[in-house]
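> Here you go, one structure.
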Amino acid sequence: MNYTVRVLKYFVAFSVFCMLIVALNLLMSRTQMTLEEFVYVTFHTPRGMMLPVVMVVLSLVMPRIDFITRRVEGDVEEHRTQIDNAMKASGFVYVETRDEQLIYRADGWLTRLTLLWDDEMKVSQYGQWIEVSGKRRAVARIVYRLDSYLGMLKRDE
């Protein structure tokens, strides 16, 4: 169910992006083409026919590659302040603890929109590692900051 919803979200996002490109192209173009002519020319050429195919393929693939888990050496309880600071600096706020995982969500509606409302970040303990799971670009920023904060702690000791 979750995968299907994500596929639909990506397809809608790609569709909106394509419509924006078409609108900008029509507004900025010096040709006197109407929208109907533009759509006809676009979708009745081999390249134009590839657009819907690429959108569907990307929509099917993106949910699988856009969610990752990364680890940083540390302890969730001991380094909770650094985790909270890394999340806050990345635009996320603590929501709840569920199944021994700290759950964070994006702070603003614009961040939530850019993440297609898949803005839930999960932080948990995995052996000697702090594990961060969620959207790829958000996790990369959070882990980079968290690793930096934990590195500063080690230098100060």
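The values are calculated or read from the model by the stated rules, or taken from the named source; none is laboratory data. These numbers come from a predicted model, not from an experiment. Don't worry about glycine lacking a Cβ; one is built from the backbone with ideal geometry, like all the others, and counts go over all protein chains shown. Side chains are part of the model used for accessible areas, which takes the heavy atoms of the whole protein and leaves out ligands, DNA and RNA. Shrake-Rupley method; radii C 1.70, N 1.55, O 1.52, S 1.80 Å.
> Read through the list (1) farther than 25 Å from residue 12 by Cβ; (2) of a type outside the set (Val, Ile, Thr); (3) open to solvent by 70 Å² or more (accessible area, probe 1.4 Å); (4) in contact (Cβ under 8 Å) with a residue 60 or more places away in the chain, then give the number of the only condition that residue 154 fails.
Against the list (1) farther than 25 Å from residue 12 by Cβ; (2) of a type outside the set (Val, Ile, Thr); (3) open to solvent by 70 Å² or more (accessible area, probe 1.4 Å); (4) in contact (Cβ under 8 Å) with a residue 60 or more places away in the chain, residue 154 comes up short only on (4).
> On to the next question. If you take the residues in segment 58-88 that are free of Cβ contacts under 8 Å to residues at least 60 places away in the same chain, surrounded by 11 or more Cβ atoms within 10 Å (Cβ to Cβ) and among the β-branched types (Val, Ile, Thr), which one is farthest from residue 122 (Cα to Cα)?
Top of the filtered list is 61.
> Go through (1) in contact with a helix residue (DSSP H, G or I) (Cβ under 7 Å, 6 or more places away or on another chain); (2) at pLDDT 90 or above; (3) of a type in the set (S, T, N, Q) one by one and return the number of the condition residue 124 breaks.
Just one mismatch for residue 124, condition (1).
> Same structure again: Picking from 72, 61, 57, 76, which residue would you name as being in a loop (DSSP other than H, G, I, E, B) and of a type in the set (A, V, I, L, M)?
76
> A follow-up question, please. Taking segment 1-37 as the region of interest, how many residues are open to solvent by 80 Å² or more (accessible area, probe 1.4 Å), among the aliphatic types (A, V, I, L, M) and assigned to a helix (DSSP H, G or I)?
Adding up the residues that qualify gives 9.
> Also, I was wondering about something else. Report every pair of residues separated by at least 6 positions or lying on different chains whose Cβ atoms are under 8 Å apart, first residue within segment 103-116 and open to solvent by 30 Å² or more (accessible area, probe 1.4 Å), second among the hydroxyl-bearing types (Ser, Thr, Tyr).
116/10
> Right, here's the next one. When segment 117-128 is examined, which residues are found to be within 14 Å of the chain's Cα centre (by Cα) and open to solvent by 70 Å² or more (accessible area, probe 1.4 Å)?
117
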